[in-house]
């Protein structure tokens, strides 16, 4: 760096005060010395060099550490005006700023960005009569989604009796009445030309089976079939979560930490139904329909996913504030009694000691 216009002193000489004569002693001019003399501005003797500063510079980067099925938001890192200085040119100062931005913008985006559920999903195949989706290369069951058919681009629907596919085709999405071209697992040569559409919400309410123990505000437990309307349940208010019964909004939330406080929420709707398919987690720790939205931790992030998409290696959160791993996931095809319930205004509760979420019973309507 060139001259600043300030004159500094490397050493100090000792002089007598009575006749101003040299005492023959010299020492370094150290800032820790009580006799220290600071630099003085002397632009005549020390002509300052030209100094150039950067202008405001910015660089964008998307958060790139989200898990499969989630997209990262774009974050902007800013180098403020005057943050970098050069004795050569303003272009050089700007170049320093740009280098700093390039070296730091990705870490900044990963730290401050957010992850949201991808809205664009590819239909990959029929498997055992069910539609399956691929999101960023990972296959998911569709049972928690409804289809926004107004956004589908296709050359035309197939009927439910298309060759090679059992009729009727159960895709786990009861509100979808129009079929679109896809690749058929039974007849792989039948391939769609266009098959992208938008997830618009959740299917029918996810529900626990009879015998599931639900925790009350006093810490006691009651079987889900014994609960009644207006009964208070122990609930959890999760920090950073805008708790909602809107499945689309709920599935957008993710967080790299979990902080919650205990509250009480009343049951505003409860009914009894039957289900011919349930998911069993950890040999009976949880058993509910595949559409039930469950709080899990995956790849370091907490989020709500359909129980049908849970995998061994995911983590669950317990009433004792501990984290336990999912060790097994099995499908039960026997008919079971289930009990859809809705809470309000908070929607979380503890089933068999595991923090979970209610899901509104009615279907999301298509536009």
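The values are calculated or read from the model by the stated rules, or taken from the named source; none is laboratory data. Computed from a predicted structure; not experimentally measured. No Cβ is skipped: glycine too gets one built from the backbone with ideal geometry, and neighbour counts run over all protein chains shown.
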Some residue of the stretch 319-328 being at pLDDT below 90, exposed (fewer than 14 other Cβ atoms within 10 Å of the Cβ) and in a loop (DSSP other than H, G, I, E, B): no
Within the stretch 56-77, considering residues that are surrounded by 14 or more Cβ atoms within 10 Å (Cβ to Cβ) and at pLDDT 90 or above, the one farthest from residue 309 (Cα to Cα): 57
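Can you go through 283, 243 and tell me which one is part of a loop (DSSP other than H, G, I, E, B), closer than 30 Å to residue 301 by Cα and either under 29 Å from the mean Cα position of the chain (by Cα) or modelled with pLDDT under 60 (or both)?
The unique qualifying residue is 243.
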Residue under evaluation residue 226, criteria (1) surrounded by fewer than 19 Cβ atoms within 10 Å (Cβ to Cβ); (2) modelled with pLDDT of 50 or more; (3) touching a helix residue (DSSP H, G or I) at 6+ places or on another chain (Cβ under 8 Å), criterion not met: (3)
Contacts under 7 angstrom Cβ, first residue in the stretch 231-256 being on the phi > 0 side of the Ramachandran plot and surrounded by 18 or more Cβ atoms within 10 Å (Cβ to Cβ), partner assigned to a loop (DSSP other than H, G, I, E, B) and at pLDDT 90 or above, 6 or more apart: none
